[in-house]
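For reference, the structure discussed in these notes is given below.
A short reminder: the numbers here are calculations on the coordinates, not readings from a lab. Given the structure is predicted, the values throughout are model-derived calculations rather than measurements. No Cβ is skipped: glycine too gets one built from the backbone with ideal geometry, and neighbour counts run over all protein chains shown.
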Amino acid sequence: MQRVTGVNDLTAAIDAARERGLEIAFVPTMGALHDGHLSLIREARRLTSFVVVSIFVNPLQFGVGEDLDKYPRQIEEDSVKLEELGVDVLFTPTVNDVYKGNMEVTKHAGHIGEILEGAARRGHFDGVLTVVSKLFDAVKPNYAIFGAKDAQQVFLIQQMAKADYPNIQIVVAPIVREESGLALSSRNVYLSTEEHSAATLISQALLAGKAAAVSVDQAIQAAETRLLAIPKAKLGYISLVNKNTFEPVLDGFKGQALMLTAVVVGTTRLIDNIDITF
Ligand code: PAF
């Protein structure tokens with residue numbers, strides 16, 4: 001595996017792969033890699049034989065008072081995992097490599113970027129889209145792989161790709177869960193043992209919502225009752241959106257929906273979602 005920091009070195013590695021006739025699959029990450037990330041890399045490997053992974057903790061997508069400073073950084077441990085998976089290039093740019101002294105929003109997420117996660121984390125999705133577009137410009141991949149846990153992020157990246165990067169195929173890999181049902185997240189390391197067992201109730205609440213999905217209201221109510229009963233937790237939101245538009249759905253909706261939740265367990269904000277067809 002080649003580890004590169006500067007964009008010029010990245011371009012040289014990618015040009016060499018293209019000259020060999022290879023397609024590029026790209027997995028952007030913020031590091032602290034867990035099995036969820038590794039599943040994205042395996043998916044990348046299934047798609048093509050040249051895999052690029054980036055590790056970059058993007059300051060622009062963290063709000064004031066969020067966990068930018070304490071976000072887990074473990075580049076050496078991550079490198080070993082990536083090497084084992086046969087990743088070809090690990091791109092670890094500095095803030096200056098990415099933003100070139102100008103850390104400004106250049107992509108706007110619009111209305112869908114302001115609801116749910118975006119309402120709680122103002123500007124978050126503008127920061128995500130901005131960095132993803134800069135990474136896409138640098139890597140110019142054929143495929144980019146993202147995890148379904150960050151459903152709103154995935155939706156917005158798909159919209160951006162449709163408009164601005166029609167040659168990049170966005171591939172969505174399923175949520176990876178612990179046996180307990182808890183969706184894997186780099187932030188799970190913040191949970192104490194007690195908080196961890198409380199957090200396992202989140203996916204159970206979503207499953208209860210799905211089981212009660214005779215109507216939108218019943219599904220929400222079943223999930224919400226359980227989420228509100230989780231000890232040491234504060235419910236951020238529970239919502240059902242149309243999977244194709246990400247607009248919240250009302251009772252009577254028929255079609256494919258996503259039930260999404262954010263729950264703060266202790267001080268750790270966790271998100272999860274589940275597909276529901278009405
Ligand atoms: O999902 C993430 O880890 C980040 O939001 C991403 C897509 C790497 C952009 O910083």
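Scanning segment 250-278 for residues that are within 21 Å of L191 (Cβ to Cβ) and under 18 Å from the mean Cα position of the chain (by Cα) returns L260, T261, A262, V263, V264, T268, R269, L270, I271, D272, N273, I274. Reported count of residues in segment 155-186, each being assigned to a loop (DSSP other than H, G, I, E, B) and touching a residue at least 12 places away in the same chain (Cβ under 8 Å), is 12. Test A183 against the criterion of being within 15 Å of V263 (Cβ to Cβ) and crowded, with 19+ Cβ neighbours inside 10 Å, and give yes or no. Yes; evaluated as a whole, the condition is true for this residue. Within segment 208-218, identify whether any single residue is assigned to a helix (DSSP H, G or I), within 16 Å of the ligand (Cβ to nearest atom) and either among the β-branched types (V, I, T) or more than 22 Å from V249 (Cβ to Cβ) (or both), and answer yes or no. No, the conditions are met nowhere in segment 208-218. Restricting L156, L116 to residues that are touching a Leu at 6+ places or on another chain (Cβ under 8 Å) and more than 13 Å from the ligand (Cβ to nearest atom) narrows the list to L116.
Here's the yes/no breakdown for (1) among the small types (G, A, S); (2) more than 13 Å from the ligand (Cβ to nearest atom); (3) crowded, with 17+ Cβ neighbours inside 10 Å:
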| residue | (1), (2), (3) |
| --- | --- |
| E66 | no, no, no |
| K70 | no, yes, no |
| I75 | no, yes, no |
| E83 | no, yes, no |
| D97 | no, yes, yes |
| K107 | no, no, yes |
| R122 | no, yes, no |
| G127 | yes, no, yes |
| V132 | no, no, yes |
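With respect to the conditions (1) within 15 Å of D150 (Cβ to Cβ); (2) away from the ligand (no atom under 13 Å from the Cβ); (3) in contact with a helix residue (DSSP H, G or I) (Cβ under 7 Å, 6 or more places away or on another chain), I14 falls short on a single one, namely (1).
Residues in segment 192-203: is at least one away from the ligand (no atom under 15 Å from the Cβ), of a type in the set (D, E) and buried (at least 17 other Cβ atoms within 10 Å of the Cβ)? Yes, segment 192-203 contains at least one residue that is away from the ligand (no atom under 15 Å from the Cβ), of a type in the set (D, E) and buried (at least 17 other Cβ atoms within 10 Å of the Cβ). Which number in (1) touching a helix residue (DSSP H, G or I) at 6+ places or on another chain (Cβ under 7 Å); (2) assigned to a helix (DSSP H, G or I) marks the one condition that H108 misses? Of everything listed in (1) touching a helix residue (DSSP H, G or I) at 6+ places or on another chain (Cβ under 7 Å); (2) assigned to a helix (DSSP H, G or I), H108 misses just condition (2).
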